[in-house]
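K.L.:
Just passing along the structure, written as C-alpha coordinates.
The values are calculated or read from the model by the stated rules, or taken from the named source; none is laboratory data. Just so it is clear, the structure is predicted and the values come from calculations on it, not from any experiment. Using ideal geometry, Cβ is built from the backbone for each residue, glycine included, and neighbour counts are taken over all protein chains shown. Accessible surface is based on the protein model in full, side chains and every heavy atom, while ligands, DNA and RNA are left aside. Shrake-Rupley method; radii C 1.70, N 1.55, O 1.52, S 1.80 Å.
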Amino acid sequence: MTDELMPIEEQIASFKRAIEAVIIVSHDPVPPELLAQLLEQPVNSVEQWCDELAAEYIEQGRGFELRRVAGGFRYQTHPEQTPYVERFVLHDQKARLSGAALETLAIIAYKQPISRAQVASIRGVDPDGVIRTLQARGYIDEVDRDPGPGQAILFGTTSQFLEKLGLDSLDDLPPIAEFIPDADIVEALEHGLRVEANDGSQSA
(Lines give C-alpha, C1' and ligand atoms only; values in the text may rest on other atoms or scores of the structure.)
Protein backbone atom coordinates (compact mmCIF):
# COMPACT_ATOMS: atom_id res chain seq x y z
CA MET A 1 0.00 0.00 0.00
CA THR A 2 1.37 3.41 -0.97
CA ASP A 3 1.53 6.37 1.38
CA GLU A 4 -1.22 8.09 -0.63
CA LEU A 5 -3.64 5.25 0.18
CA MET A 6 -2.75 5.06 3.86
CA PRO A 7 -5.10 6.75 6.34
CA ILE A 8 -3.70 10.11 7.48
CA GLU A 9 -3.34 8.85 11.07
CA GLU A 10 -1.13 5.98 9.90
CA GLN A 11 0.98 8.34 7.76
CA ILE A 12 1.58 10.67 10.71
CA ALA A 13 2.41 7.71 12.98
CA SER A 14 4.91 6.53 10.37
CA PHE A 15 6.51 9.98 10.18
CA LYS A 16 6.77 10.12 13.97
CA ARG A 17 8.53 6.74 14.04
CA ALA A 18 10.97 8.03 11.43
CA ILE A 19 11.62 11.15 13.53
CA GLU A 20 12.33 8.98 16.57
CA ALA A 21 14.69 6.76 14.60
CA VAL A 22 16.72 9.66 13.20
CA ILE A 23 17.00 11.58 16.46
CA ILE A 24 17.96 8.54 18.51
CA VAL A 25 20.95 7.72 16.29
CA SER A 26 22.17 11.31 16.01
CA HIS A 27 24.93 12.52 18.31
CA ASP A 28 23.91 16.16 17.84
CA PRO A 29 20.50 17.85 18.01
CA VAL A 30 18.69 17.37 14.70
CA PRO A 31 17.35 20.60 13.14
CA PRO A 32 13.65 20.45 12.14
CA GLU A 33 14.66 21.61 8.67
CA LEU A 34 16.76 18.48 8.20
CA LEU A 35 13.96 16.25 9.49
CA ALA A 36 11.58 17.96 7.07
CA GLN A 37 13.99 17.32 4.21
CA LEU A 38 14.36 13.65 5.12
CA LEU A 39 10.60 13.14 5.47
CA GLU A 40 9.77 15.40 2.53
CA GLN A 41 7.24 17.19 4.72
CA PRO A 42 6.73 20.84 5.78
CA VAL A 43 8.90 22.11 8.62
CA ASN A 44 5.89 23.30 10.64
CA SER A 45 4.38 19.80 10.44
CA VAL A 46 7.62 18.23 11.65
CA GLU A 47 7.81 20.68 14.55
CA GLN A 48 4.21 19.87 15.48
CA TRP A 49 4.91 16.13 15.42
CA CYS A 50 7.98 16.61 17.60
CA ASP A 51 5.91 18.61 20.08
CA GLU A 52 3.29 15.85 20.09
CA LEU A 53 5.95 13.20 20.69
CA ALA A 54 7.36 15.25 23.56
CA ALA A 55 3.88 15.53 25.10
CA GLU A 56 3.30 11.78 24.69
CA TYR A 57 6.53 10.96 26.55
CA ILE A 58 5.51 13.26 29.41
CA GLU A 59 2.04 11.73 29.57
CA GLN A 60 3.52 8.23 29.62
CA GLY A 61 5.93 9.18 32.41
CA ARG A 62 8.99 8.06 30.47
CA GLY A 63 12.53 8.33 31.82
CA PHE A 64 13.55 10.49 28.86
CA GLU A 65 12.17 13.50 27.04
CA LEU A 66 12.36 15.11 23.62
CA ARG A 67 13.73 18.62 23.92
CA ARG A 68 14.57 21.41 21.51
CA VAL A 69 18.21 22.28 22.13
CA ALA A 70 20.66 24.44 20.15
CA GLY A 71 18.20 24.79 17.27
CA GLY A 72 17.42 21.09 16.96
CA PHE A 73 15.67 18.19 18.67
CA ARG A 74 17.34 15.57 20.81
CA TYR A 75 16.53 12.98 23.45
CA GLN A 76 17.74 13.53 26.98
CA THR A 77 17.05 11.97 30.34
CA HIS A 78 14.17 13.27 32.43
CA PRO A 79 15.31 15.63 35.21
CA GLU A 80 13.79 13.31 37.83
CA GLN A 81 16.27 10.62 36.81
CA THR A 82 19.29 12.89 37.37
CA PRO A 83 20.54 11.09 40.55
CA TYR A 84 20.73 7.75 38.75
CA VAL A 85 22.35 9.23 35.65
CA GLU A 86 24.92 11.07 37.79
CA ARG A 87 25.89 7.82 39.51
CA PHE A 88 26.43 6.24 36.10
CA VAL A 89 28.34 9.19 34.64
CA LEU A 90 30.50 9.85 37.70
CA HIS A 91 31.83 6.32 37.51
CA ASP A 92 34.03 7.40 34.59
CA GLN A 93 33.79 11.17 34.48
CA LYS A 94 36.21 13.61 32.96
CA ALA A 95 37.60 16.33 35.19
CA ARG A 96 34.98 18.92 36.02
CA LEU A 97 35.42 22.56 35.17
CA SER A 98 37.03 24.55 37.97
CA GLY A 99 35.30 27.47 39.64
CA ALA A 100 37.55 29.85 37.71
CA ALA A 101 36.57 28.18 34.43
CA LEU A 102 32.86 28.36 35.24
CA GLU A 103 33.20 32.02 36.21
CA THR A 104 35.04 32.82 32.97
CA LEU A 105 32.50 30.86 30.92
CA ALA A 106 29.66 32.82 32.52
CA ILE A 107 31.39 36.13 31.74
CA ILE A 108 31.89 35.15 28.11
CA ALA A 109 28.32 33.87 27.79
CA TYR A 110 26.78 37.10 29.03
CA LYS A 111 29.27 39.63 27.61
CA GLN A 112 30.17 38.05 24.23
CA PRO A 113 31.86 38.89 22.01
CA ILE A 114 34.61 39.68 24.51
CA SER A 115 38.41 39.80 24.49
CA ARG A 116 40.93 38.25 26.89
CA ALA A 117 41.75 41.73 28.23
CA GLN A 118 38.08 42.44 28.94
CA VAL A 119 37.69 39.11 30.76
CA ALA A 120 40.83 39.88 32.76
CA SER A 121 39.49 43.30 33.75
CA ILE A 122 36.30 41.71 35.08
CA ARG A 123 37.93 38.78 36.89
CA GLY A 124 41.08 40.59 37.97
CA VAL A 125 43.36 37.72 36.92
CA ASP A 126 44.99 36.46 33.73
CA PRO A 127 42.39 34.24 31.98
CA ASP A 128 44.67 32.71 29.31
CA GLY A 129 44.88 29.24 30.83
CA VAL A 130 41.17 29.06 31.56
CA ILE A 131 40.26 30.29 28.07
CA ARG A 132 42.47 27.58 26.53
CA THR A 133 40.67 24.98 28.65
CA LEU A 134 37.24 26.23 27.60
CA GLN A 135 38.31 26.23 23.95
CA ALA A 136 39.65 22.69 24.26
CA ARG A 137 36.32 21.57 25.74
CA GLY A 138 34.52 23.19 22.81
CA TYR A 139 32.48 25.61 24.95
CA ILE A 140 33.94 28.80 23.47
CA ASP A 141 35.69 29.78 20.26
CA GLU A 142 37.10 32.77 18.41
CA VAL A 143 34.17 34.57 16.83
CA ASP A 144 35.57 37.90 15.68
CA ARG A 145 38.35 40.47 16.05
CA ASP A 146 38.15 43.85 17.69
CA PRO A 147 38.35 46.58 15.02
CA GLY A 148 40.42 48.74 17.35
CA PRO A 149 44.22 48.84 17.78
CA GLY A 150 45.78 45.40 17.99
CA GLN A 151 42.65 43.71 16.65
CA ALA A 152 42.23 41.58 19.77
CA ILE A 153 40.58 38.19 19.37
CA LEU A 154 36.97 38.17 20.55
CA PHE A 155 35.47 35.04 22.09
CA GLY A 156 31.92 33.72 22.21
CA THR A 157 30.11 30.54 23.16
CA THR A 158 29.49 27.65 20.77
CA SER A 159 26.55 25.43 19.88
CA GLN A 160 28.10 22.79 22.14
CA PHE A 161 27.74 25.25 25.03
CA LEU A 162 24.02 25.54 24.26
CA GLU A 163 23.72 21.77 23.94
CA LYS A 164 25.44 21.09 27.27
CA LEU A 165 23.19 23.58 29.06
CA GLY A 166 20.06 22.38 27.28
CA LEU A 167 19.36 25.77 25.74
CA ASP A 168 17.91 26.49 22.32
CA SER A 169 19.57 29.90 22.04
CA LEU A 170 21.43 32.49 24.12
CA ASP A 171 18.08 34.21 24.65
CA ASP A 172 17.23 31.32 26.99
CA LEU A 173 20.00 32.27 29.43
CA PRO A 174 18.48 33.52 32.71
CA PRO A 175 18.56 37.34 32.95
CA ILE A 176 21.71 38.44 34.72
CA ALA A 177 19.62 40.80 36.85
CA GLU A 178 18.22 37.77 38.67
CA PHE A 179 21.63 37.24 40.27
CA ILE A 180 22.23 40.87 41.30
CA PRO A 181 20.82 42.03 44.68
CA ASP A 182 18.49 45.01 44.71
CA ALA A 183 20.04 48.37 45.57
CA ASP A 184 18.29 48.49 48.96
CA ILE A 185 19.69 45.08 49.89
CA VAL A 186 23.21 46.16 48.96
CA GLU A 187 22.77 49.36 50.97
CA ALA A 188 21.51 47.40 53.99
CA LEU A 189 24.45 45.06 53.80
CA GLU A 190 26.89 47.96 53.56
CA HIS A 191 25.18 49.67 56.50
CA GLY A 192 25.43 46.50 58.56
CA LEU A 193 29.11 46.19 57.80
CA ARG A 194 29.72 49.81 58.76
CA VAL A 195 27.89 49.28 62.07
CA GLU A 196 29.94 46.18 62.83
CA ALA A 197 33.13 48.02 61.97
CA ASN A 198 32.19 50.94 64.21
CA ASP A 199 31.26 48.62 67.07
CA GLY A 200 34.55 46.88 66.70
CA SER A 201 36.50 50.11 66.82
CA GLN A 202 34.64 51.28 69.94
CA SER A 203 35.30 48.05 71.83
CA ALA A 204 38.99 47.98 70.92
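K.L.:
In sequence order, what are the phi-derived ³J(HN,Hα) couplings for segment 161-171 according to the Karplus relation 6.51 cos²θ - 1.76 cosθ + 1.60 with θ = phi - 60°, rounded to whole Hz, with x for glycine and proline?
P.N.:
Ordered by residue, 3J(HN,Hα) equals 4, 4, 5, 5, 8, x, 10, 7, 7, 5, 5 Hz.
K.L.:
State whether segment 61-149 is rounded, prolate or oblate according to the following rule on the C-alpha gyration tensor (a ≥ b ≥ c being the square roots of its eigenvalues): a/c under 1.5 gives rounded; otherwise a/b larger than b/c gives prolate, and the remaining case gives oblate. Write out the running numbers ahead of the final one.
P.N.:
Working: a/c = 3.12, a/b = 1.88, b/c = 1.66.
Since a/c reaches 1.5 and a/b is larger than b/c, the shape of segment 61-149 is classed as prolate.
K.L.:
Okay, moving on. What is the calculated FRET efficiency for A18 to F64, with r their C-beta to C-beta distance and R₀ = 22 Å, to the nearest 0.05? Kindly include the intermediate steps, with their values, before the conclusion.
P.N.:
Working: r = 18 Å, r/R0 = 0.82.
With R0 = 22 Å, the Cβ-Cβ based efficiency is 0.75.
K.L.:
Once you list every other residue whose beta carbon is under 11 Å from the beta carbon of P29, what net charge do they have if Lys and Arg are +1 and Asp and Glu are -1?
P.N.:
On the way: positive: R67, R68, R74; negative: D28, E163, D168.
Here the count lands on 0.
K.L.:
Further, regarding this structure: Let me cross-check L167: its accessible surface, 1.4 Å probe, with only protein heavy atoms counted, in Å² to the nearest 10?
P.N.:
L167 exposes around 30 Å² with every protein chain in place.
K.L.:
Would you please calculate the Kirkwood hydrodynamic radius of segment 1-159 over all C-alpha pairs and express it in Å, rounded to one decimal?
P.N.:
On the way: mean 1/r = 0.0524 Å⁻¹.
This gives a value of 19.1 Å.
K.L.:
Given a 1.4 Å probe and heavy atoms of the protein chains only, how would you sort H78, H27, largest accessible area at the top?
P.N.:
Numbers: H78 50, H27 160 Å².
Descending accessible area places them as H27, H78.
K.L.:
So what's the net charge close to L162: Lys and Arg +1, Asp and Glu -1, counting the other residues with Cβ under 9 Å from its Cβ? Write down the numbers at each step before the final one.
P.N.:
Working: positive: K164; negative: E163, D168, D172.
Charge balance near L162 sits at -2.
K.L.:
Also, quick follow-up: Eigenvalues of the Cα gyration tensor times 5, then square-rooted: what semi-axes does that give for segment 28-89, in whole angstrom, largest first?
P.N.:
Each semi-axis is the square root of five times an eigenvalue, giving 26, 14, 7 Å.
K.L.:
Got a sec? Charge dipole of segment 1-82, +1 on Cβ for Lys and Arg, -1 for Asp and Glu; which of C50, G63, I19 is way out at the positive end?
P.N.:
G63
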